[in-house]
Each structure stands twice: as C-alpha cells, then as structure tokens.
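In what follows, a single structure is set out as structure tokens and then discussed.
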Amino acid sequence: MRTVIPALIPTLFWVGSLLRIPAARRSAPQRTLCLSLAAFAAALTLNLPAVYVAFDRAVGVPNLADLGEHLCGVWGVTGILRLARQVTATAPAGRAWHELVMPGLATVALTVLFVLAPIPAEAPSITAAYGHLPEIAAYWIVTIAYFGITLAALARLSLRYAGRVRRPSLRIGLQVLGAGVALGVAYSLSKLAELVAAQLPNADAAQNMAATTGHALLAVGALTMSVGLLIPALGPRLRAVERAARTYLALRQLRPLWETLWRATPDILLDPPPARWRDLLAFRQLESRLYRRVIEIEDGLLALRPYVTDDVAQEALAAASGARLVARDRDATVDACCLAAAVAAKRSGRGPTAAVASRTTGTRGAADLASEVQLLRQLARVLGRSPVVRAFAARARHPATVTDKKGAHR
C-alpha cells in the first residue's frame, strides 16, 4: 500500500517555494531554488494517497499521478544539482541549456514508457501492480539510473567543497546536502529492491516493505537536500540571527556585573535600570544596548578604582596565585577580587584612598568592542562563580583583614 506522507512535508516545500519568489526575481540561484522546491512540493503532493486518486480521476488517466510525481522528482534533483553548481561557482557560464539535455531525455523516455505500458486499472503502486511488465521495469531503470547519475554528481560536489569553503553557511549546507544525497541513494536502492521483488513470486511482503521505505526516504531525502541548499541562500540572514543571539547572550552574561556596579555607583546610569524580566524579554536594539552597557560598566569600574590600593591588589594576586591560577584566569580573578573589595569599601561608607592602585581593573589590552566584551564576560563569570573571589570578598567586608603596610583599615 502507498505510504501516507504527512501533508506537512509538501506544505513546507510549497511555503519555502513561495517565500523565495521575491528573491527569485532578482537572482538566478534563487530562481533555481524556488523552482526546485516547487518541483519537490508537487512530487510530494502527488504522493499523498488522496491527491493521487483525485488527480487520476480528474484527468481520466489511471496512474498518471505516478508519472507526474517522478517527472517532478527528476526536475527537482536537476534543479538541486544546478543550484549546487551555482553556489560552488562550478556552473558552466552561458551553457545552462546543456544541463537540460539529460533531464529532458529522461522525461521523454519515462513518458513514452508510461504510455506504452498496458496499465488500464488504477493501482496504489504501479511497481507493485505492474512491476513485472517490461515497460514498467524499463521505466524504473531509467528513473533509478537518472537519480543515480545526478546524486553521484551531487556527492562529488559536496565531498569536494564541504571541507574547502570558508563560509560557514555554505560548508554546513554542503554537509547537509551530503546527508540528503545519502538518503537519495538509499531511496534508489529501495526502489531497485521493490522492482526486483515485483519479478519474484510470493514476494509481496518484501515489496510492500521496500515501497514503504522508499516513500519515507523520498520525503526525508528531498527535505534534507533542499534544506542543505537553503542554508547558503539564507546565509546572510542566518549570520544576522547568529550575531543577534551572541549579542543577546552577552547582555545576559554582563547583567550581574552591571547590576553590581550600578548598585555601588548609581551615577553611571543615565536612565533607571529596567526590571530583570523586562530586560530578559527585550530583543530590539541589541547592539546599541550592549555598547551602552559596556560603557556603563567601564564607568563603574573607573568610579570604583579609587577604592583599590596596591596592597589590596597584591593580596588579590596572592590569593589567585595561591589557588594556582595562571594567565587570563589569574588576571580575571585578581580583577574580580579588587572589584569585590572596592564594592565592599564603597558600601561600608569608607572614602576613596589617596594611594590608588597602579593596576587597572577591566578591559586593559582590548583592541575593539568584541574583545572588550569578552574580557568583561570573563570578569562577570569569575566575579559570580569563583570561590577565591567569594573568600576574598568576605575578608574585604571585615577591614581589619585587608590592610595597607601601615595597618590602616581599608
């Protein structure tokens, strides 16, 4: 029996094709993608049992939906191969019509064999019902051969360029395309098994299993290959989404450090701080908000700098070294300890010290905003999680334990 493919899958293809229409008017690759998605959408729609039967009744030709489904599949994989060549810059310039010869011949051959085959009655599967006929056997040999040649070309492209390209979206797209090609090969093998089973007596169970497997592989393989080629086409939008996600994550990670600083030095804020839930649900103007947050954090660090002396910085360095921290982890821990001590001093009402530490806390050495954000994220993480910082902050809340060389409380 014909496998029931959920209507969701062809619907996704139709939606994807319709969404590509505006871009298809301006770009040849987008046109290819749009038409390929439409071809697969039509093939998968005709594969639905209700549509299959209704289509044949409407045109008055038994099993014509099978021919339509396979022709759409032929042109769908042809479009995918053309698009793969376009996105990898291997498409022959000015010779696109040459790429239409093979699918054109396959279309003619399938149509002629279908017309010649004596299949007067409607059948859920022409392979199951008429696979023993030489015309239908030849029909499937042409279909499988064409899919095999096309999928082999797609496999060569994906294997050749997946490891070479620098664009992440193109590399990922080619890898997904390769997975779809593997599913396409499995589909071709399942149809070959179904055709062989049709020639054998008492092989109905094996034939039905091969048919069921084939229809599932067709749907999933077509979807996977289309997604693989959709990823490079949507590369700029995906990069924008990725950048927005990184910015949003940075805002979330810097929030505790930012809160600590504005609670200690409220003057760094121009506007009242938003509630946490409101800040959590704010997805607009992410980059400008991150830029402003970094400035306010730097202003807070600068405002607290007079509360840190060289003695406090030395004790922080000793605490970090005692924990066997090195390099960036040690520097971030020292900065966090100095900041914790400065916040404790400010909250206790002690005034700024005259002997300010020569060590600066924050983003020294940052070349740009991205590296500055990275350093501040590390500072925020260490400030909130490091047991060394927690112990140092506890001592800082008791001034007698953190003194300068003269024994003056700090």
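The values are calculated or read from the model by the stated rules, or taken from the named source; none is laboratory data. On a predicted model such as this, the values are computed, not experimentally measured, just so you know. FYI the Cβ positions are ideal-geometry reconstructions off the backbone, even for glycines, and counts take in every protein chain you see.
A few comments on the model shown:
- Unique residue being among the aliphatic types (A, V, I, L, M), over 22 Å from Ala323 (Cα atoms) and modelled with pLDDT under 55 when the list is Ala408, Ala366: Ala408
- Flag for Ala303 being more than 30 Å from Pro49 (Cα to Cα), not in a helix (DSSP H, G or I) and not assigned by TED's automatic domain parsing to the domain that holds Gly178: no
Residue by residue, here is whether (1) in the same structural domain as Gly214 (by TED's automatic domain parsing); (2) out of contact with any Ser or Thr (no Cβ under 9 Å at 6 or more places or on another chain); (3) closer than 22 Å to Ala42 by Cβ holds:
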residue	(1), (2), (3)
Ala58	yes, yes, yes
Gly79	yes, no, yes
Leu83	yes, no, yes
Phe114	yes, yes, yes
Glu122	yes, yes, yes
Gly131	yes, no, no
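- Contact map, region 301-314: residues that are over 16 Å from Leu379 (Cβ atoms) paired with residues that are at pLDDT below 85 and assigned to a helix (DSSP H, G or I), Cβ distance under 6 Å, separation 6+ or inter-chain. Pairs shown: Tyr307/Ala345; Tyr307/Lys346.
- Residues that are assigned to a helix (DSSP H, G or I), at pLDDT below 85, buried (at least 21 other Cβ atoms within 10 Å of the Cβ) and small (Gly, Ala, Ser) occur in region 81-93; there is at least one.
- For Ser288, the stated conditions do not hold, so it cannot be described as modelled with pLDDT of 85 or more, within 19 Å of Val388 (Cβ to Cβ) and of a type in the set (Ser, Thr, Tyr).
- Any hit, region 221-243, residues being among the charged types (D, E, K, R), farther than 30 Å from Leu35 by Cα and modelled with pLDDT of 80 or more: yes
- When residues of region 199-212 are limited to those that are touching a helix residue (DSSP H, G or I) at 6+ places or on another chain (Cβ under 6 Å) and assigned to a helix (DSSP H, G or I), the one modelled with the lowest pLDDT: Gln207
- The residue that is nearest to Leu217 (Cα to Cα), among those in region 36-56 that are hydrophobic (A, V, I, L, M, F, W, C) and touching a Ser or Thr at 6+ places or on another chain (Cβ under 8 Å), is Phe40.
- Subset of region 295-346 [β-branched (Val, Ile, Thr) and buried (at least 19 other Cβ atoms within 10 Å of the Cβ)]: Ile297, Val308, Thr309, Val312, Thr333, Val334, Val343
- Considering (1) in contact with a Lys or Arg (Cβ under 9 Å, 6 or more places away or on another chain); (2) modelled with pLDDT under 80; (3) more than 30 Å from Gln86 (Cα to Cα), the lone condition that His215 does not fulfil carries the number (3).
- Check on Ala345, touching a Leu at 6+ places or on another chain (Cβ under 9 Å), of a type in the set (A, V, I, L, M, F, W, C), assigned to a helix (DSSP H, G or I) and at pLDDT below 85: yes
- Filtered by the rule that a residue be of a type in the set (A, V, I, L, M) and buried (at least 20 other Cβ atoms within 10 Å of the Cβ), region 145-156 gives Leu151, Leu154.
- Residue within region 53-64 that is acidic (Asp, Glu), surrounded by 21 or more Cβ atoms within 10 Å (Cβ to Cβ) and within 24 Å of Leu113 (Cβ to Cβ) present: no
The rows are residues; the columns are (1) assigned to a helix (DSSP H, G or I); (2) loosely packed, with under 13 Cβ neighbours inside 10 Å.
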| site | (1), (2) |
| --- | --- |
| Leu229 | yes, no |
| Val241 | yes, yes |
| Leu261 | yes, no |
| Arg278 | yes, yes |
| Ala282 | no, no |
| Arg293 | yes, no |
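- Selection count, region 139-184, where residues are within 25 Å of the chain's Cα centre (by Cα), of a type outside the set (Gly, Ala, Ser) and assigned to a helix (DSSP H, G or I): 17
- Among the residues listed as Trp277, Trp262, Trp258, the single one being assigned by TED's automatic domain parsing to the domain that holds Ala345 and farther than 30 Å from Arg305 by Cα: Trp277
- Residues in region 263-276 that are surrounded by 10 or more Cβ atoms within 10 Å (Cβ to Cβ) and of a type in the set (A, V, I, L, M): Ala264, Ile268, Leu269.
- Residues in region 94-127 that are assigned to a helix (DSSP H, G or I) and among the hydroxyl-bearing types (Ser, Thr, Tyr) were compared, and the one that is modelled with the lowest pLDDT is Thr127.
- Listed by first and then second residue, the pairs linking a residue in region 222-250 that is among the hydrophobic types (A, V, I, L, M, F, W, C) to a residue that is not in a helix (DSSP H, G or I), with Cβ atoms under 9 Å apart and 6 or more places separating them unless they lie on different chains, are Leu230/Arg20; Ala233/Arg20; Ala233/Ser27; Ala244/Phe283.
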